Amino acid sequence: MSKRDYYEVLGLHKGASEDEIKKAFKKLAMKHHPDRNQGDKAAEEKFKEVKEAYDILSDAGKRGAYDQYGHAGINPNMGGGPGGAGFGNFGDAFSDIFGDLFGASGGRQGGQGVYRGADLRYNLELSLEEAARGTETKIRIPVMTECGTCKGSGAKAGSKPTTCSTCQGHGQVRMQQGFFSVQQACPRCHGTGKIITDPCQACHGEGRIKQHKTLSVRIPAGVDEGDRIRLSGEGEAGVHGGPSGDLFVQVHLKSHAVFTREGGHLHCEMPISFSTAALGGDITIPTLDGQAVLKIPAETQTGKVFRLRGKGIKGVRDSHPGDLYCHVVLETPVNLTERQKELLREFDTICRGAAEKHNPRAQGFMDKVKAFFG
């Protein structure tokens, strides 16, 4: 089976820079890495192909030979194609390229075949009250955990993995032809340095099994939409004794019946009657701490905003709580009786007789309309 062009594998042109090659590999490796595609053979083969292309194009000498002579310019026995020798050790590339993502402990951990477990994300929905005051909740997540039967070794109880005779337990083999000498993962043990002759029945030699676990999560007061809470070591178990990944709990806020949130501030709409807006009066408004009384001055117009200081939310990183903004909306009365209609008509007649005094905005608008068409 003929190999694909290495530049085509990475989705690049022949003159791609080193940085472009690294970025392309990082993107594809993240997508197809076996740790993120458990049991997906197609993804595993794709990762091998991507890694092979990167190994050649990221090395100036190998890339020069490849650019000049194609696949014939490099050792056809080194690395093989997808499925060939030398690409079982995914952790080397994963740790080199993704060190910035996982930190110093990410990827391969120094021992043969030892890898850090994958990070996980859990989306947690909270009410506005829970986010404002903080809460403690329990979550249940599916996760790859260390096999309790074999303690992560992958070997059946009473047996132990044996040292690989091909690499003598080093997990790496050196291959040389012509001017090239390349150290690669052992094709027999896939970089682990060990051979499991009698695999554990519970995990089938993987050393990990999928389980559900329940965790208690403390949500600090003031969290907002999109905030993340990191639970160290609560991600997937590492491979062959590697450290576990982390669990990131991402906060999402449910819509609220009364309030909308804007950082530390809260907003609400408060309908008021025509008479209250005209004559003024006290109205009761809700806050997260209970009810409060808001004094409405006479002649209040619809859209007027009143601010109640300190009645918002104190964010996680804020020193003081935000404010509550109450937006006044004038409510037109409905289902009027004949007597109410009669009184309104009488009131309207009185107002029309002195429009400039009682309805200055409306009168000013009409004057502008007349001037426009005049």
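The single condition among (1) open to solvent by 20 Å² or more (accessible area, probe 1.4 Å); (2) under 25 Å from the mean Cα position of the chain (by Cα); (3) not β-branched (V, I, T) that F25 does not satisfy is (1).
If you go through the range 17-59 and keep only what is outside any helix (DSSP H, G or I) and closer than 24 Å to I209 by Cα, you end up with H33, N37, Q38, G39, D40. Inside the range 266-299, can you point out the residues that are within 18 Å of G310 (Cα to Cα), part of a strand (DSSP E or B) and open to solvent by less than 60 Å² (accessible area, probe 1.4 Å)? Answer for the range 266-299, where residues must be within 18 Å of G310 (Cα to Cα), part of a strand (DSSP E or B) and open to solvent by less than 60 Å² (accessible area, probe 1.4 Å): L266, H267, C268, I285, P286, T287, G290, A292, L294. Looking only at residues in the range 116-129 that are more than 26 Å from R208 (Cα to Cα) and among the acidic types (D, E), the one that is least open to solvent (accessible area, probe 1.4 Å) is E129. Reported count of residues in the range 317-340, each being part of a loop (DSSP other than H, G, I, E, B) and either in contact with a Pro (Cβ under 7 Å, 6 or more places away or on another chain) or not β-branched (V, I, T) (or both), is 11.
With respect to the conditions (1) among the aromatic types (F, W, Y); (2) under 23 Å from C186 (Cβ atoms); (3) modelled with pLDDT of 70 or more; (4) open to solvent by 20 Å² or more (accessible area, probe 1.4 Å), F47 falls short on a single one, namely (4).
Within the range 245-265, the residues that satisfy the criterion of being over 18 Å from V316 (Cβ atoms) and either open to solvent by 50 Å² or more (accessible area, probe 1.4 Å) or free of Cβ contacts under 8 Å to residues at least 24 places away in the same chain (or both) are K254, S255, H256, A257, V258, T260. Among the residues of the range 130-151, the ones that are open to solvent by 10 Å² or more (accessible area, probe 1.4 Å), under 18 Å from A237 (Cβ atoms), assigned to a loop (DSSP other than H, G, I, E, B) and in contact with a Gly (Cβ under 8 Å, 6 or more places away or on another chain) come to 1 in all.
The values are calculated or read from the model by the stated rules, or taken from the named source; none is laboratory data. As the structure is a computational prediction, the values presented were derived from the model and not from experiment. Neighbour counts are summed over all protein chains in view; Cβ atoms, including those assigned to glycine, are modelled from backbone coordinates with ideal geometry. Quick note on the areas: whole protein, heavy atoms, side chains included, nothing else; ligands and nucleic acids left out. Shrake-Rupley method; radii C 1.70, N 1.55, O 1.52, S 1.80 Å.
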